[in-house]
1. In whole percent, and with a 1.4 Å probe on the protein chains, what portion of the accessible area of the stretch 83-165 is carbon and sulfur?
2. Could you bin all the Cα-Cα distances of the stretch 150-283 into 5 Å bins starting at 0 and give me the percent of pairs in each, rounded to whole numbers?
3. Could you let me know the centre-to-centre spacing of the stretch 174-232 and the stretch 75-133, using Cα atoms, in angstrom?
4. Note down, for the stretch 192-239, the three equivalent ellipsoid semi-axes (square root of 5 times each alpha carbon gyration tensor eigenvalue), biggest first, whole angstrom.
5. Go from 0 up to the bin containing the longest alpha carbon distance in the stretch 1-146, width 10 Å each, and give me the % of pairs per bin.
6. Mind listing the Cα extents of the stretch 66-205 along all three principal axes, in Å, largest one first?
7. Are there GluC sites (Glu not before Pro) in the stretch 181-248 that DSSP puts in a loop and that have at most 14 other Cβ atoms within 10 Å, and which ones?
8. Please identify the GluC sites (Glu not before Pro) of the stretch 1-105 that satisfy two criteria: DSSP loop assignment and at most 11 other Cβ atoms within 10 Å. Which are they?
Amino acid sequence: MEYVTLNNGVKMPMEGFGVFQVPDPEICKKAVLDALHTGYRLIDTAAAYGNEEAVAQAIKESGIDRSEIFLTTKLWVSDMSYEGAKKGIERCLRKLDTDYIDLLLIHQPMGDIFGAWRAMEEAYKAGKVRAIGVSNFYPERLADFCLTVNTQPEVDQVELHPFFQQNKALETMKKYHVQPEAWGPFAEGKFGIFTNPVLEEIAKAHGKTVGQVILRWNIQRGVVVIPKSVHTARIEENFEIWDFELTDEEMQKISTLDTGRSEIVDHSDPAFTELLHAMKISD
Ligand SMILES: NC(=O)c1ccc[n+]([C@@H]2O[C@H](COP(=O)([O-])OP(=O)(O)OC[C@H]3O[C@@H](n4cnc5c(N)ncnc54)[C@H](OP(=O)(O)O)[C@@H]3O)[C@@H](O)[C@H]2O)c1
């Protein structure tokens, strides 16, 4: 496992485990336990996933010291105001059954993000959060945010996989010293990603799987990855990425797979914004 040091000195694992779309508490708990036993030390959840309690239970049951685990959660759109975020942070701490969150993200660039950020800065100063960041902030939004706020975001978590490589986003993050983190590193398993011929050929050359090649590609671009699976064998497979390296030529071949756009979500569609605003997080 490799780590990256964020601007504020906090060390973040380069690979973690995501739990989006795992609403069943027992399935979520088992998957997180599997991940922790495999060696993952970063768990990525969100208030909106409805599984913070299950994540907390898995961490407790694992017997692994809390200080060894890097726990990420995200505040939802309905908490995007100063008062809303203050309440949201306390709710996350309670559901996660912890005194502190390692990385707290604004989940979506919607609502009163600047008010919420002030509450997040206060939580950071109070030691309730070790790092604060954003998610789904595309280049122009990230630049504006960084130029406006007092405390710079440490991380921007965006959709990022071989079919949507986000070079402009990465350039912008580099400029503002924001660590990139990839959600949907496997494009959520869609669009035939696991049977793509270019990726299959590279995987064969290394005696690795397509999934391992995809994760390795992002790691070699300096991007933190948080693959999700509820299957033990895949959870293990996705962690075995530290014993090989892609060549420059292979990295170049993968760069040809970029379609330049997301087929998963469209942040420019007002209907998507309305949908997310309509979703409320309850206690
Ligand atoms: N910030 C955001 O807005 C945002 C949005 C989406 C996701 N995320 C975060 O990013 C994490 C990862 O993204 P994601 O869950 O959307 O999708 P993903 O990790 O790209 O893909 C998960 C899919 O790939 C399958 N899979 C996993 N490993 C595999 C393997 N080795 N071989 C074949 N299939 C495999 C999984 O199936 P099985 O589970 O059946 O194995 C699942 O269907 C999330 O869990 C969440 O923590 C954040």
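The values are calculated or read from the model by the stated rules, or taken from the named source; none is laboratory data. Predicted model only: the values in this text are computed from it and were never measured. Glycine gets a Cβ as well: all are built from the backbone with ideal geometry, and neighbour counts include every protein chain shown. The accessibility values were calculated without ligands, DNA or RNA, using every heavy atom of the protein model including side chains. Shrake-Rupley method; radii C 1.70, N 1.55, O 1.52, S 1.80 Å.
1. On the way: 1420 of 2950 Å².
That fraction is 48 percent.
2. 2, 9, 18, 20, 19, 14, 9, 5, 3, 1, 0
3. Rounded to whole Å, the Cα centres lie 29 Å apart.
4. Working: eigenvalues 56, 41, 19 Å².
Its equivalent ellipsoid spans semi-axes of 17, 14, 10 Å.
5. 12, 43, 36, 10, 0
6. Dimensions of the stretch 66-205 along the principal axes of its Cα atoms: 50, 34, 25 Å.
7. Working: sites: GLU181, GLU188, GLU200, GLU201, GLU236, GLU237, GLU240, GLU245; in loops: GLU240, GLU245.
Sparse-neighbourhood loop GluC sites (Glu not before Pro): GLU245.
8. Values: sites: GLU2, GLU15, GLU26, GLU52, GLU53, GLU61, GLU68, GLU83, GLU90; in loops: GLU2.
When the GluC sites (Glu not before Pro) of the stretch 1-105 are filtered for loop state and at most 11 Cβ neighbours within 10 Å, GLU2 remain.
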